[in-house]
Amino acid sequence: MATFLHETFQCDVVDLISIGLGGLSEVQVVELSVAQRRTIVMFDHDLGEMYHRRVYGQFSVVLLRLDVQTIESVQRVLDSVFRNDACGIVLERSLVVLRGDKVRVTTRD
């Protein structure tokens, strides 16, 4: 996913596993994303709960709620959203839920 985002959209992407940080807790991942002003992209639904209940709007997360969690399906959904919908989506301090062809955005005011 990181390579796809970097090569397709020239995003500055960090893959935590490839840099030896795959064992971070969810709280540590959020703290790192806040410190580095990065958006988290993952399947972990607990981060949606954390966004709403614990640190509302303090970080940015794109949740992938896909029935088929293959590289190809993830790339297809991200490509569709970032090419077609992303120009209207403010990622900073937002929760973006991608479910198939549906996009839901919650942004802290």
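The values are calculated or read from the model by the stated rules, or taken from the named source; none is laboratory data. Everything quoted here is computed from the prediction, not taken from an experiment. Here the Cβ positions follow ideal geometry from the backbone for every residue, glycine too, while neighbour counts run over all protein chains shown.
The numbered conditions (1) under 20 Å from T3 (Cβ atoms); (2) modelled with pLDDT of 85 or more are all true for V97 except (1). Would you confirm, using the coordinates I've provided, whether L91 is modelled with pLDDT under 80 and either surrounded by 14 or more Cβ atoms within 10 Å (Cβ to Cβ) or among the aliphatic types (A, V, I, L, M) (or both)? Answer is yes for this residue.
Whether a residue is among the acidic types (D, E), closer than 22 Å to V103 by Cβ and either part of a helix (DSSP H, G or I) or modelled with pLDDT of 80 or more (or both) was assessed, and D79 passes this test. Among the residues making up the stretch 1-54, those that are under 24 Å from R108 (Cα atoms), in contact (Cβ under 8 Å) with a residue 24 or more places away in the chain and among the hydroxyl-bearing types (S, T, Y) are S33, T39, Y51. Among the helices (runs of 4 or more DSSP H) confined to the stretch 1-64, the ones with at least 1 residues that are of a type in the set (S, T, N, Q) and out of contact with any Ser or Thr (no Cβ under 7 Å at 6 or more places or on another chain) are located at 2-9, 26-36. The residue list L16, L5, L21, L47 contains one member that is of a type outside the set (D, E), surrounded by 10 or more Cβ atoms within 10 Å (Cβ to Cβ) and more than 15 Å from the chain's Cα centre (by Cα), which is L21.
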